[in-house]
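Asker: Let me begin by handing over the structure; questions about it come next.
The values are calculated or read from the model by the stated rules, or taken from the named source; none is laboratory data. Here the structure is a predicted model, which means the values were calculated and not measured. Note that each Cβ is placed from the backbone with ideal geometry, even for glycine, and that neighbours are counted across all protein chains shown.
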Amino acid sequence: MPAAVGTLALRLGLVATLAATVGCDRVTKHVATAALAGRPARSLLADTVRLAYVQNAGGFLSLGADLPETLRISLFIVATAILLLALVAYGIRLRWRGWAAFGLALFVAGGVSNWVDRVLHGSVIDFINVGVGPLRTGVFNVADVAIMTGVGIVLMSEFTRTSRLRSRPPS
């Protein structure tokens, strides 16, 4: 396959990943709002999964939710936008391809979708909680899953890349 076709296919794949991830997150947050807001939590699969509408004004595990509004805006809207743009630039500069580019696309898509919530509503809609008995996750959403999956893919991709580089005989 010519390099130009491969590059175009990669770009289209990344755009499709971004659009599908953001779209899925937006739709699930809309459904969660319609079905769960103002209602008691729902328990599924013998209470392994709980669905409950939560507006999270903070970050991961609601960290920063109690910060003054101007600091929250600076941190969760301005700094997040800068970080997401910097990550995209970093991935382009390093010419990430394959799994690393896919992981970055998932991370950025999840970040963008949560960022949109913060810009439009001042908080992120979370609605999923998973666990067994008292051992449970925090409440999260599809964008959070994309972010964590993206981080995992990038880390594994970089780990395998450096392992391959170390195992090559010196030239």
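Asker: With respect to Ala32, is the statement that it is part of a helix (DSSP H, G or I), surrounded by 16 or more Cβ atoms within 10 Å (Cβ to Cβ), touching a helix residue (DSSP H, G or I) at 6+ places or on another chain (Cβ under 9 Å) and not aromatic (Phe, Trp, Tyr) true?
Answerer: For Ala32, the condition - part of a helix (DSSP H, G or I), surrounded by 16 or more Cβ atoms within 10 Å (Cβ to Cβ), touching a helix residue (DSSP H, G or I) at 6+ places or on another chain (Cβ under 9 Å) and not aromatic (Phe, Trp, Tyr) - is not met.
Asker: Out of region 5-35, which residues are in contact (Cβ under 8 Å) with a residue 24 or more places away in the chain and within 17 Å of Phe140 (Cβ to Cβ)?
Answerer: Listed by number, the residues that qualify are Thr21, Val22, Cys24, Asp25, Arg26, Thr28, Lys29, Ala32, Thr33.
Asker: Of the numbered conditions (1) closer than 19 Å to Phe76 by Cα; (2) under 12 Å from the mean Cα position of the chain (by Cα), Ala105 fails exactly one; give the number of that condition.
Answerer: (1)
Asker: Another question about this same structure. What's the total number of residues in region 119-146 that are farther than 18 Å from Ala37 by Cβ and not aliphatic (A, V, I, L, M)?
Answerer: Summing the residues that are farther than 18 Å from Ala37 by Cβ and not aliphatic (A, V, I, L, M) in region 119-146 gives 7.
Asker: Against the definition (assigned to a helix (DSSP H, G or I), modelled with pLDDT of 95 or more and among the polar types (S, T, N, Q)), how does Asn129 come out, yes or no?
Answerer: So Asn129 fails the test.
Asker: Residues of region 2-46 being in contact with a strand residue (DSSP E or B) (Cβ under 8 Å, 6 or more places away or on another chain) and basic (Lys, Arg), which ones?
Answerer: If the condition is that a residue be in contact with a strand residue (DSSP E or B) (Cβ under 8 Å, 6 or more places away or on another chain) and basic (Lys, Arg), then Lys29, Arg39, Arg42 are the ones that fit.
Asker: Another question, then. With the structure loaded, tell me whether Ser74 is under 16 Å from Asn141 (Cα atoms), modelled with pLDDT under 95 and not acidic (Asp, Glu) or whether it fails that test.
Answerer: no
Asker: Still on this structure: Just to verify a result, which residue in region 52-87, among those that are of a type in the set (S, T, N, Q) and in a helix (DSSP H, G or I), is surrounded by the fewest Cβ atoms within 10 Å (Cβ to Cβ)?
Answerer: Filtering region 52-87 for residues that are of a type in the set (S, T, N, Q) and in a helix (DSSP H, G or I), the one surrounded by the fewest Cβ atoms within 10 Å (Cβ to Cβ) comes out as Thr70.
Asker: Going by the structure shown, is Val124 buried (at least 19 other Cβ atoms within 10 Å of the Cβ) and closer than 30 Å to Ser157 by Cα?
Answerer: yes
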